[in-house]
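Asker: One structure coming up, written as structure tokens, with questions to follow.
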Amino acid sequence: MRKTLLMLAFLPLMAAGQTVKSPNGNVAVTFSLGNGGKPMYEMTYKGQTVIKPSGLGLELAKNKHASKAFEETDLMNGFKVAGTKTSTFDETWKPVWGETATIRNHYNEMAVDLNQSNTNRNITIRFRVYDDGMGLRYEFPQADNLNYFIIKEEHTQFALAGDHTAWWLPGDYDTQEYETTESKLSQVRSLMKDAITPNSSQTPFSPTGVQTALQMKTADGLYINIHEAACVDYPTMHLNLDDKNMVLESWLTPDAEGLKGYIQTPFNTPWRTVLVSDDARDMLSSNLILNLNEPCKLEDTSWIHPVKYCGVWWEMIVGTGSWSYTNDLPSVRLGVTDYAKCKPNGTHSANNDKVKRYIDFAAKNGLSEVLVEGWNEGWEDWFGHSKLDVFDFTTPYPDFDIKMLNDYAHSKGVKLMMHHETSASALNYERHLEAAYSLMNKYGYDAVKSGYVGDMIPRGEHHYSQLMNNHYLYCVKEAAKHHIMVNAHEATRPTGLCRTYPNLIGNESARGTEYESFGGSRPDHTVVLPFTRLQGGPMDYTPGIFETQLSTWSNNKSFVHTTLTGQLALYLVMYSPLQMAADLPEHYEKYDDAFQFIRDVAVDWDDSKYLEAEPGDYITVARKAKGTDNWFVGGKCDEQGHQSTVKLDFLDKGRKYDCTIYADAKDADYEKNPKAYVITKKTVKKGDALKLTEARGGGFAISLIAK
């Protein structure tokens, strides 16, 4: 169903300012020109200040490659309002996959046309105001006096009304793989050193620079989130904090020359977004980021589908297996391509027998795909040397029979999932991309997990630069031509582009489960990520680790910082259409009664209702499985534990449900007793309530199957 109402109003030139409000009137955004013709805006929610008067504009750079190098006139001030247009838009659209079957896109808009008098250049600043926030962007029409330009820096400000509590990551051009720090904004500078991953080579770009999405909470109980939407042909935005005046300002990822963006008009920047509510649950249920992206550009989406998978991965992460086929590094470095002449190391995980074991497990348990990492030649010397050529993405190791294994998988009703580790050589990947995707088509692969570990090639580029953002999207577009779904790891953080290209079914771009084998992540990690990283799109978090104490089956002394039922909860709390059963088959077989929930839980939804939420403390969510009357509920908490009351008001009236509850046992504890759980079965109906105790680092999962 689609309903669109569009009303245009052409307003006179503004003096004091012009305000546009959200459809329900709660959010108001006012634009004005400050001293010297500087564009300004401010924002309120129910009369409370969210953003104080804040500057807008772009600083331009000298084009040293032009025939006559010259300093550009900055687009910062000297403007006059040429006119404004306001409109209302209301539609309901259907995502290919998602948390709900339909999404309403309802906003009021104001477009302010500006003219810079001394250059006669024209730009438009567009505001879209929703009931739960707003987006703004800069638009540049094509013109002879503003055709090509280089961005030195974007100066979009967010002047805050106080020293808010913030959940933040250090500003970094190449990774989001940090644990979140919770502090007052005024403490960011003093805590920055401690926020950096121990022994990391990463260095934040500023002692007060943080990444988006930035979640905050005011002393008055307002929840504010700053992020961006539709980042296309543009660098990723970070935020730099003036901690004396509490002003955040956009800070773009530079390219290899230190510049931020090369622009050709006509051009629109990404949207700068501010979510706001007095209810934390609204942060999680918001579709503002998706709505600010363009509608789906793929004519046929019938081949795109959610995926529940397992795979050859966790044992290599933990250290009991390897990606490489041989330890014969000198021969490999000398260019030996006949791996059949190399001595196997005996630990190569992606071998025929092991992959068949995973295929059998997937087929038996209703998992649709099997990921296999380490299947292709090149892993012996892939990391840390900035090599341009490492993988060709088409040549398997001697012990991986690609045709036999795909035939075997298909005979069992299962598909293999491709893995492309680029070793951060985007140049090499693009050169081989057509052949790699064609190989996938030949053998029936329909999904690929790509990776970008290491320093980028082209050398000097960052993971989040304009050039690299263009690369990631190029791969997604090319994959669509081959009917391939993409799950990119170590790529840029999502900004809702999965609406436009729904074959982008997942990303990593954050600290995932793999870090549980590298020392672990705090229990609050997974009840922060939905407020931050997941704002722009789903994450391939790889949950479902049952043997949480890794020393029980390996030499790894780390442990997973949740209880077993806390891992089950992640299939609901960490929304994604791409969900992995990440542990080993033999571990699931030991806890088969708990694994039943992973068999049962859906990965695509008709409805989602966030029942409880507080950043970093707890999240409880109920989801209705696509095309059914069945519901699943998940609750996850931090190291403090949580008492949860789940009111089943969302169930259909007059209907009964078979309810299975997977809960922490009374003595469960993520450190001391992580695998203690209790399974309870009962019949429930609308209006009933379930009282559940979540252990430290624990959680619960519930299946509600309609009778």
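Asker: Residues in the range 101-110: is at least one of a type outside the set (Val, Ile, Thr), surrounded by fewer than 21 Cβ atoms within 10 Å (Cβ to Cβ), modelled with pLDDT of 95 or more and farther than 23 Å from Cys231 by Cα?
Answerer: Looking for residues that are of a type outside the set (Val, Ile, Thr), surrounded by fewer than 21 Cβ atoms within 10 Å (Cβ to Cβ), modelled with pLDDT of 95 or more and farther than 23 Å from Cys231 by Cα, one finds at least one in the range 101-110, hence yes.
Asker: Can you tell me which residue is modelled with the lowest pLDDT among those in the range 202-222 that are open to solvent by less than 50 Å² (accessible area, probe 1.4 Å) and of a type in the set (S, T, N, Q)? Break it down stepwise before answering.
Answerer: If we filter the range 202-222 for residues that are open to solvent by less than 50 Å² (accessible area, probe 1.4 Å), which is where we start, we get 204-206, 208-216, 218, 221-222.
Restricting the remaining residues to those that are of a type in the set (S, T, N, Q) gives 206, 208, 211-212, 215, 218.
Details: Ser206: 90, Thr208: 95, Gln211: 97, Thr212: 98, Gln215: 98, Thr218: 98.
The residue in question is Ser206.
The rows are residues; the columns are (1) of a type in the set (Val, Ile, Thr); (2) more than 30 Å from Cys498 (Cα to Cα); (3) not in a strand (DSSP E or B).
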| position | (1), (2), (3) |
| --- | --- |
| Gly25 | no, no, yes |
| Tyr41 | no, no, no |
| Ile51 | yes, no, no |
| Ser54 | no, yes, no |
| Thr84 | yes, yes, no |
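Asker: Something else about it: Kindly list the number of the only condition in (1) over 29 Å from Ile226 (Cβ atoms); (2) open to solvent by less than 10 Å² (accessible area, probe 1.4 Å); (3) in contact with a Ser or Thr (Cβ under 7 Å, 6 or more places away or on another chain); (4) not in a helix (DSSP H, G or I) that fails for Phe597.
Answerer: Phe597 satisfies every listed condition except (4).
Asker: Residues Ala16, Ala9, Ala69, Ala61: which one is within 36 Å of the chain's Cα centre (by Cα), of a type in the set (Gly, Ala, Ser) and modelled with pLDDT under 95? Spell out the reasoning first.
Answerer: On the way: Ala16 fails: within 36 Å of the chain's Cα centre (by Cα); Ala9 fails: within 36 Å of the chain's Cα centre (by Cα); Ala69 fails: within 36 Å of the chain's Cα centre (by Cα).
Only one candidate qualifies: Ala61.
Asker: Further, regarding this structure: Answer with yes or no whether Leu416 is on the phi < 0 side of the Ramachandran plot, open to solvent by less than 10 Å² (accessible area, probe 1.4 Å), in contact (Cβ under 8 Å) with a residue 24 or more places away in the chain and assigned to a helix (DSSP H, G or I). It would help to see each step written out before you state the result.
Answerer: Values: on the phi < 0 side of the Ramachandran plot: yes; open to solvent by less than 10 Å² (accessible area, probe 1.4 Å): yes; in contact (Cβ under 8 Å) with a residue 24 or more places away in the chain: yes; assigned to a helix (DSSP H, G or I): no.
Criteria not met by Leu416.
Asker: Given the condition part of a helix (DSSP H, G or I) and open to solvent by 10 Å² or more (accessible area, probe 1.4 Å), answer yes or no: does some residue in the range 546-561 qualify? Break it down into steps so the answer makes sense when it comes.
Answerer: To start, the set of residues in the range 546-561 that are part of a helix (DSSP H, G or I) comprises 550-552.
Within this subset, residues satisfying the condition of being open to solvent by 10 Å² or more (accessible area, probe 1.4 Å) are 551-552.
Yes, because at least one residue in the range 546-561 is part of a helix (DSSP H, G or I) and open to solvent by 10 Å² or more (accessible area, probe 1.4 Å).
Asker: Give the range 623-670 a look and list any residue that's under 27 Å from Pro95 (Cβ atoms), among the aromatic types (Phe, Trp, Tyr) and in contact (Cβ under 8 Å) with a residue 60 or more places away in the chain, or say none.
Answerer: Trp631, Phe632
Asker: Quick one: which helices (runs of 4 or more DSSP H) lie wholly within the range 245-364 and hold at least 1 residues that are more than 30 Å from Gln187 (Cα to Cα) and open to solvent by less than 30 Å² (accessible area, probe 1.4 Å)?
Answerer: On the way: elements: 280-285, 288-291, 314-318, 329-333.
The qualifying helices (runs of 4 or more DSSP H) are 288-291, 314-318, 329-333.
Asker: Next question, about the same structure. I need a count of the residues in the range 137-173 that are open to solvent by 40 Å² or more (accessible area, probe 1.4 Å) and either charged (D, E, K, R) or on the phi > 0 side of the Ramachandran plot (or both).
Answerer: So the count comes out to 4.
Asker: Taking into account only those residues within the range 471-488 that are over 14 Å from the mean Cα position of the chain (by Cα) and open to solvent by less than 20 Å² (accessible area, probe 1.4 Å), which is farthest from Val96 (Cα to Cα)? Show your work before the answer.
Answerer: Narrowing the range 471-488 to residues over 14 Å from the mean Cα position of the chain (by Cα): 471, 473-485.
Subset that is open to solvent by less than 20 Å² (accessible area, probe 1.4 Å): 471, 475-476, 479-480, 484-485.
Values: His471: 24, Cys475: 20, Val476: 16, Ala479: 17, Ala480: 14, Ile484: 15, Met485: 13 Å.
It comes out as His471.
Asker: Looking at (1) in a loop (DSSP other than H, G, I, E, B); (2) surrounded by fewer than 23 Cβ atoms within 10 Å (Cβ to Cβ), find the lone condition where Gly697 falls short.
Answerer: Failing condition for Gly697: (2).
Asker: Could you give me the residue pairs with C-beta distances under 7 Å whose first residue belongs to the range 103-120 and is part of a strand (DSSP E or B), whose second residue is small (Gly, Ala, Ser) and open to solvent by 40 Å² or more (accessible area, probe 1.4 Å) wherever it lies, and which are 6+ apart or on separate chains?
Answerer: That search, which allows pairs on different chains as well, returns Asp113/Ala82; Leu114/Ala82; Asn115/Ala82.
Asker: Moving to a separate point now. If you take the residues of the range 630-655 that are among the basic types (Lys, Arg) and part of a strand (DSSP E or B), which of them is farthest from Thr620 (Cα to Cα)? Show your work before the answer.
Answerer: We begin by selecting, within the range 630-655, every residue among the basic types (Lys, Arg); these are 636, 647, 653, 655.
Within this subset, residues satisfying the condition of being part of a strand (DSSP E or B) are 636, 647.
Working: Lys636: 7, Lys647: 11 Å.
Among those residues, the one meeting the criterion is Lys647.
Asker: Is it the case that Glu639 is open to solvent by 50 Å² or more (accessible area, probe 1.4 Å), in contact with a helix residue (DSSP H, G or I) (Cβ under 7 Å, 6 or more places away or on another chain) and of a type outside the set (Val, Ile, Thr)?
Answerer: On the way: open to solvent by 50 Å² or more (accessible area, probe 1.4 Å): yes; in contact with a helix residue (DSSP H, G or I) (Cβ under 7 Å, 6 or more places away or on another chain): yes; of a type outside the set (Val, Ile, Thr): yes.
In short, yes.
Asker: Let me ask something else. Can you name the residue in the range 656-681 that is among the basic types (Lys, Arg) and in a loop (DSSP other than H, G, I, E, B) and is also farthest from Asp593 (Cα to Cα) among such residues?
Answerer: We begin by selecting, within the range 656-681, every residue among the basic types (Lys, Arg); these are 656, 666, 672, 675, 681.
Retained after the next criterion (residues that are in a loop (DSSP other than H, G, I, E, B)): 666, 672, 675.
On the way: Lys666: 18, Lys672: 22, Lys675: 13 Å.
The residue in question is Lys672.
Asker: What do you reckon, is Leu371 within 28 Å of the chain's Cα centre (by Cα), part of a loop (DSSP other than H, G, I, E, B) and crowded, with 21+ Cβ neighbours inside 10 Å?
Answerer: Details: within 28 Å of the chain's Cα centre (by Cα): yes; part of a loop (DSSP other than H, G, I, E, B): no; crowded, with 21+ Cβ neighbours inside 10 Å: yes.
So Leu371 fails the test.
Asker: Right, something else. State yes or no: is Tyr588 among the hydroxyl-bearing types (Ser, Thr, Tyr), at pLDDT 95 or above and part of a helix (DSSP H, G or I)? Step through it out loud before you land on a result.
Answerer: Details: among the hydroxyl-bearing types (Ser, Thr, Tyr): yes; at pLDDT 95 or above: yes; part of a helix (DSSP H, G or I): yes.
For Tyr588, the condition - among the hydroxyl-bearing types (Ser, Thr, Tyr), at pLDDT 95 or above and part of a helix (DSSP H, G or I) - is met.
Asker: Here's something else I'd like to know. Determine, yes or no, whether Thr542 is in contact with a Gly (Cβ under 9 Å, 6 or more places away or on another chain) and on the phi > 0 side of the Ramachandran plot. Steps first, please.
Answerer: Working: in contact with a Gly (Cβ under 9 Å, 6 or more places away or on another chain): yes; on the phi > 0 side of the Ramachandran plot: yes.
Yes, satisfied.
Asker: Going through the range 19-57 one residue at a time, which ones are surrounded by fewer than 21 Cβ atoms within 10 Å (Cβ to Cβ), β-branched (Val, Ile, Thr) and within 15 Å of Arg128 (Cβ to Cβ)?
Answerer: Thr19, Thr30
Asker: On to the next question. Suppose the filter is touching a residue at least 40 places away in the same chain (Cβ under 8 Å), out of contact with any helix residue (DSSP H, G or I) (no Cβ under 6 Å at 6 or more places or on another chain) and farther than 18 Å from Val601 by Cβ; does Lys682 pass it? Working first, answer last.
Answerer: Details: touching a residue at least 40 places away in the same chain (Cβ under 8 Å): no; out of contact with any helix residue (DSSP H, G or I) (no Cβ under 6 Å at 6 or more places or on another chain): yes; farther than 18 Å from Val601 by Cβ: yes.
Judged against the criteria, Lys682 is not a match.
Asker: Kindly indicate which of Asp604, Asp658, Asp669 is acidic (Asp, Glu) and surrounded by fewer than 16 Cβ atoms within 10 Å (Cβ to Cβ). Step through it out loud before you land on a result.
Answerer: On the way: Asp604 fails: surrounded by fewer than 16 Cβ atoms within 10 Å (Cβ to Cβ); Asp669 fails: surrounded by fewer than 16 Cβ atoms within 10 Å (Cβ to Cβ).
That would be Asp658, the only listed residue that is acidic (Asp, Glu) and surrounded by fewer than 16 Cβ atoms within 10 Å (Cβ to Cβ).
The values are calculated or read from the model by the stated rules, or taken from the named source; none is laboratory data. Everything numeric in this text was worked out from a predicted model, so none of it was measured. Cβ atoms come from the backbone with ideal geometry, glycine included; neighbour counts cover every protein chain shown. Protein only, heavy atoms only, side chains kept; ligands, DNA and RNA dropped before computing areas. Shrake-Rupley method; radii C 1.70, N 1.55, O 1.52, S 1.80 Å.
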